[in-house]
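Participant: This is the structure, below, for whatever I ask next.
Throughout, read-outs are computed from the coordinates displayed, never taken from laboratory work. Quick caveat: nothing in here was measured; it's all calculated off a predicted structure. As a convention, Cβ positions derive from the backbone with ideal geometry for all residues, glycine included, and neighbour counts pool all protein chains shown.
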Amino acid sequence: MKYSFLKPPSLIIIASFFFSCATSKQNSESKFAAYLMVYFKDNDHSLHMALSTDGKSFTDINNGKAVIAGDTIAEQKGIRDPHIFRGNDGTFYLSMTDLHIFGKEQGLRETQWERSDEYGWGNNRGFVLMKSRNLIDWSKANVRIDKSFSGYDDIGCAWAPEVTYDEKAKSLMIYYTMRFKNGKNQLYYSYVNNDFNALTSAPKNLFQYPKDISYIDADITKAGNQYHMFYTPHDGTPGIKQAISNEINANYVYNETWIDPEPKACEAPHVWKIINENRWIVMYDIYGIKPHNFGFLETSDFKNFKNLGHFNEGVMKATNFSSPKHGAVIHLTQKEALSLAKHWGMNLSF
């Protein structure tokens, strides 16, 4: 099957399928030399990518234009909330919300949402899952929770999927926001097969917030022997909190402290490590300001957080793009970064 992904002028990609599974081989951090950010924009509901050699200044590889068009891969003709994960064997996994919030305005459907308002805002039911060995050729699967398991016809949303590897279960794990009809949003997880085209276990609760409110957008980072989960509770003005566990998908301990310094609403936290340093960056999406922007914190102990400001208002720079939404970052080798940059005609130097 062919997929019409966006390419530089006069080039066309035919997707190649790679079905290697994650292994227990550990990545050596010293081999990495660059950072890849994925994000989307509201105006096109498509996938964007940006590269950085220092973890501070990011340059879009296609001059701010999408690298994969949402209408070529998603059932709803648009994607949101892209996340990228690098498996221990070097395979790259993309997971995205299958949802276009402006589908009616852009003539993609006759109603505001695919289903009636009893399912609430968005009311989508699935994800777009993609897999690659080179960040250029991708396999693709559309995964619907309601079609994967019985008893889930009334889910109201399935948003913001992120992928990690459960070392204990020896399986890829996907975790996400879900609700039933227009009820409260909560955090769930499932396991994914090695081909990255089907869920192998029904949704289970990942974490229970102590109040009866919506909480969304989990992001899990392992540091030492602990798992740090950053997420967004709608507990007053939405913002970022952290819960910690010794297990990847259970027993997260609630902490009431707000991590972000923002007076306006923000969501979609994501953490990445500075290569060869004992420092991590916490990035989040500030949707309560106009134009919306990313905010950044720095930590070395997951207890104290230094405010780095917003893109292009401090040390963090977006050199040729603006208004990114819901991003994620992974490490690349120099060879991988140069190959990706060359493919898109981008000049990248180390």
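Participant: FRET efficiency for ASN225 and GLU110, Cβ-Cβ distance as r, R0 = 56 Å, nearest 0.05?
Facilitator: Values: r = 52 Å, r/R0 = 0.94.
Efficiency at R0 = 56 Å is approximately 0.60.
Participant: Moving on to the next point. If you bin every alpha carbon distance in the chain into 10 Å steps from zero, what whole percent lands in each bin?
Facilitator: 5, 26, 38, 25, 5, 0
Participant: Rounded if a/c is under 1.5, else prolate if a/b is larger than b/c, else oblate: which is region 120-256, with a ≥ b ≥ c the root eigenvalues of its Cα gyration tensor?
Facilitator: Oblate shape, in that a/c is at least 1.5 and b/c is the bigger or equal ratio.
Participant: Another question, then. To the nearest whole percent, what portion of all C-alpha pairs in region 275-350 is separated by more than 17 angstrom?
Facilitator: 58 percent
Participant: Considering only DSSP states other than H, G, I, E and B, which GluC sites (Glu not before Pro) in region 188-276 qualify as loop sites with at most 11 other Cβ atoms within 10 Å? Could the numbers behind the result be given before it?
Facilitator: On the way: sites: GLU247, GLU256, GLU267; in loops: GLU247, GLU256.
Answer by residue number: GLU247, GLU256.
Participant: With a cap of 11 neighbouring Cβ atoms within 10 Å, and only residues DSSP puts in a loop, list the trypsin sites (Lys or Arg not before Pro) found in region 276-339. Spell out each step's value before the answer.
Facilitator: Details: sites: ARG279, LYS303, LYS306, LYS317, LYS325, LYS335; in loops: ARG279, LYS303.
In loop regions of region 276-339 (DSSP not H, G, I, E or B), the sparsely surrounded trypsin sites (Lys or Arg not before Pro) are LYS303.
Participant: Let me ask something additional. Between THR72 and GLU118, what is the label-point separation in nm under the 7 Å Cα-to-beta-carbon projection?
Facilitator: 3.9 nm
Participant: While we're on this one: Taking amide H positions as placed 1.01 Å from N in the peptide plane, with prolines and chain starts having none, which residues 5 or more places from LEU348, or on another chain, fall under 5 Å of its amide H?
Facilitator: Hits under the 5 Å cutoff: none.
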